[in-house]
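Have a look at the structure below, then the notes.
The values are calculated or read from the model by the stated rules, or taken from the named source; none is laboratory data. The model shown is predicted, which means the values in this text are computed figures rather than measured ones. For neighbour counting, all protein chains shown are included, and Cβ atoms are generated from backbone atoms with ideal geometry for every residue, glycine included. Please note that ligands, DNA and RNA were not included when accessible areas were found on the heavy atoms of the full protein model with its side chains. Shrake-Rupley method; radii C 1.70, N 1.55, O 1.52, S 1.80 Å.
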Amino acid sequence: MGAPVNGAVVLFLLLLAGTGAVTEETAPQEPTLPAAGSGSGSGAGAGAAVGVNSNSVLVALLDSHYTELAELVEKALLLQTLEDAVGKHNVTIFAPRNEALERDLDPEFKRFLLEPRNLRSLQALLLYHVLPSRLPSGSWPAAPHPTLSGEDVELASAGAGGMRVGHAAVTRPDAVLRPDGVIHGIERLLVPRSVQEDFNRRRSLAAISAVLPTGAPEVDPRTHRLKKPAPPVPPGAPPVLPVWDAMAPGPSIAPAPAPGPGSGKHHFDGHSQVKDFIQTLLLYGGYNELADILVNLTSLATEMGRLVSEGYVLTVLAPNDEAMARLTTDQLSEPGSPENILYYHMIPEYQTEESMYNAVRRFGKVRYDTLRLPHKVVAREADGSVKFGQGEGSAYLFDPDIYTDGRISVQGIDAVLFAPDDAKATQTADPNRKPPAIVTHKKKIKLRRGKLLEATCQVAGLFGQRSRFASCQ
């Protein structure tokens, strides 16, 4: 009888336990609200579980009048990263005004930030505006401070109780105060060094090609000019070019063509030639500014060496130091301005002073291609010399044949040339500038070929002799 009693007791206990479990499942749960200080005082695990408090500085940023910065934060996919940072510790956010991101920011730099492949650069730039500590205006230090991007930003005090962060002034200190952070309004965007280097690298020729993406251009070995793509020929039509033009030039017509780009035969040491060309500019005198821009301010010297190594030829119209001194700081400080100015002074042909002068004497006006596509520089004969450009923004060939080695030709000019659509060309042109009156180079005698022929005819007439030149007759 003891066994049935024990079985009944066990069955009763099992029924009692099941009733208690059902009671716990059906019991209404009380809603739990996050604590007011959970955003700042809780750990990382609690912050991830509870979420961001409605009184958080991150919510205030998204709802503030700094709409441009809030949109960039959303596009950079940084909401979760900032939520984790706010959950761990107090933060200080530097918010640029909307005008600094809409109108004052360089369009090319803004386009660079919004490209999908540059997402890391955009994230680094935005995290550069967030400090992992609370710094209100009352406890503003004057020392470098680390940011969430890993780089330090310089904090300083300005006159009359002002504050500065990097190169920007704090226009609205303590614009937003919350338990877990503070927001200061600043006048301009802060750009860290790493983002600036990425932007310069993408803008230089090392990352993008200066030619059309359809393929490398072909150079005519007879004229050293860029070949234009031939129009499509319908089936059965005669050849567009005559047979003579289709034939490769022989040794009696022209030297053997140089290996072009993509041929795989890099016989030219372009970097050594560019180095000799830069040293020649320094030793010649009067072209130190151009050499400094080619080597230090830009990477054009390296790119010129690469082009020459691939078989290209270049003619550089080099402005002297007096011409470069007329450039303003704004013209050189804008992103891409030094490169665009010098691209307009590089002709993808090998021209000497004699060849250019013969061309302008024969055709009157010659348009040369430049590396700043699709602009061309116009040359004409004026005052016994070669004049480049049009109107007031023109330049005379001042120092002929500074450097000629068969691949690179350097011709000195007395002004900086600007593209026709560049409105700043009139700011640097000197209306009182006259063509050079003193010729220091011996080759300048060749520039007066018309006067020399006229003098020969007059001398022959004085002695009663019949000139053998057909032009005199």
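Here K88 is the anchor, and the aspartates and glutamates within straight C-alpha reach of less than 18 Å, apart from those fewer than 8 places off in the same chain, are D180.
So if we plug the beta-carbon distance of A142 and D276 into 1/(1 + (r/R0)^6) with R0 = 56 Å, what FRET efficiency do we get, rounded to 0.05? After rounding to 0.05, the efficiency reads 0.70. Using 0.36 nm per residue and subtracting the Cα-Cα separation, the extra length available between H65 and T329 on full extension is 91.6 nm. At the residue level, H184 shows approximately 0 square angstrom of accessible surface with a 1.4 angstrom probe and all protein chains present. Remark: accessible surface ordering of K88, K365 (largest first) is K88, K365, probe radius 1.4 Å. Between R172 and R120, the contour length at 0.36 nm per residue exceeds the alpha carbon distance by 15.9 nm. Taking all protein chains together, Y284, Y403 sort by accessible area into Y284, Y403, largest first [probe 1.4 Å].
I need the shape label for region 57-203. Rule: rounded when a/c is under 1.5, else prolate if a/b > b/c, else oblate, with a, b, c from the alpha carbon gyration tensor. Taking the square roots of the gyration eigenvalues as a ≥ b ≥ c, region 57-203 is prolate. Couplings 3J(HN,Hα) of region 96-106, computed from phi: x, 5, 5, 5, 5, 9, 8, 10, 7, 7, 4 Hz, in residue order, whole Hz [Karplus 6.51 cos²θ - 1.76 cosθ + 1.60, θ = phi - 60°; x for Gly and Pro].
In plain terms, the chain from A160 to V233 could stretch by 18.7 nm, reckoned as 0.36 nm per residue minus the Cα-Cα distance. Residues whose amide H comes within less than 5 Å of that of I413, counting only those at least five positions distant or on another chain, are A318, N320, F398, D399 (H built at 1.01 Å from N in the peptide plane).
In summary, the aspartates and glutamates within cross-link reach of K228, defined as a Cα separation below 13 angstrom excluding same-chain residues under 8 places away, comprise E218, D220, D369. Applying 1/(1 + (r/R0)^6) with r as the Cβ-Cβ distance of N55 and N358 and R0 = 60 angstrom yields a FRET efficiency of 0.15.
Each of L69, S149, H89 was scored by the projection of its Cα onto the charge dipole of region 57-203, and the greatest displacement toward the positive side belongs to S149; charges sit on the C-beta of Lys, Arg, Asp and Glu. For R225 and E151, a Förster radius of 41 Å and the Cβ-Cβ distance give a FRET efficiency of 0.30, rounded to the nearest 0.05.
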